[in-house]
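Remarks on the structure that follows.
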Amino acid sequence: MEISRRLGVSYPTGWYLEKRLRHAMTEREGRYLLGEPNDAGAVPVVEADDVYLGGERNQGSGPAGKTAVIAAAERHVGGRMGHVAMKVVEGFSSSAVKAFREICIANGALVHTDGLRAFMAFGEAGCSHQRSVTGSKRPARARGAPFFVVNTAIANLSTALKATHKTISAKHANDYLGAFCWTTNRRRDMTGMVPALCRAATTASRLTRRSVYAAQAVSLG
């Protein structure tokens, strides 16, 4: 709506422009792998967790009507958050975890997760896997505590979505997640965001209005 007002265009045109920007951000984030050594040679731990988004129409406490997401965030020495990555998955299965690992996690990374059985797949393809069974107990909310950075990233995502969009469509969720990760990963260079977005937009793959609405039609059908 804000883009439409500022540019004096219709809502569908404003939405399509925003969709293309989110698409460009998402593609650009696909170039980075979590768990690689930083400039000083230190290797961060990668914390990963399972998340459900949405479900406003869900009448029960289960996952029906919700979008399954795997979220991961780097934890540097001292507890500082590094890069984050989030992807929609069909479910929390070993195959979904493997696909996420191949796209988002560097070979040789150390991945720290809770006791979800499917997360055992993080310990393959040269990666190391550390499990901490937390059960129903809420993890400690202190910097440096296990899962502090990934839970902080998830909380920030929830706040951002509810404050700006209230709810998002499952069929476009990956681009919303990609845009959130893009801005989060550039939070320490606010002045460089606009030039970075311009570079991402000019190098992104082509996304036509017809293809966007065709995907909507298939999904709705």
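The values are calculated or read from the model by the stated rules, or taken from the named source; none is laboratory data. Worth saying up front: this structure is predicted, and the values here are computed from it rather than measured. All Cβ positions, glycine included, derive from the backbone under ideal geometry; neighbour counts span all protein chains shown. Keep in mind that these areas ignore ligands, DNA and RNA; they rest on the heavy atoms of the full protein, side chains included. Shrake-Rupley method; radii C 1.70, N 1.55, O 1.52, S 1.80 Å.
Among the residues of region 144-164, those that are in a loop (DSSP other than H, G, I, E, B) and under 17 Å from ARG131 (Cβ atoms) comprise ALA145, PRO146, PHE147. For first residues located in region 96-113 and in contact (Cβ under 8 Å) with a residue 24 or more places away in the chain, partners that are of a type in the set (Val, Ile, Thr) and part of a strand (DSSP E or B) and lie 6+ apart or on another chain with Cβ distances below 6 Å form the pairs PHE100/ILE70; ALA109/VAL46; LEU110/VAL45; VAL111/VAL46; HIS112/VAL45.
Within region 95-108, if we keep just the residues that are of a type in the set (Gly, Ala, Ser) and over 13 Å from ILE70 (Cα atoms), the residue that is least open to solvent (accessible area, probe 1.4 Å) turns out to be ALA106. Within the set SER132, SER61, SER93, the sole residue that is modelled with pLDDT of 90 or more, hydroxyl-bearing (Ser, Thr, Tyr) and over 17 Å from the mean Cα position of the chain (by Cα) turns out to be SER93.
Condition test on LEU33, is it open to solvent by 50 Å² or more (accessible area, probe 1.4 Å), at pLDDT 85 or above and in contact with a Cys (Cβ under 7 Å, 6 or more places away or on another chain)? Criteria met by LEU33. Residue count for region 195-221 satisfying the condition of being modelled with pLDDT of 60 or more and either open to solvent by 90 Å² or more (accessible area, probe 1.4 Å) or among the basic types (Lys, Arg) (or both): 6. As for region 147-170, it holds no residue that is over 19 Å from the mean Cα position of the chain (by Cα), at pLDDT 90 or above and open to solvent by 30 Å² or more (accessible area, probe 1.4 Å). In region 109-134, of all residues being in contact with a Phe, Trp or Tyr (Cβ under 6 Å, 6 or more places away or on another chain), more than 22 Å from GLY41 (Cβ to Cβ) and in a strand (DSSP E or B), the one that is most open to solvent (accessible area, probe 1.4 Å) corresponds to HIS129.
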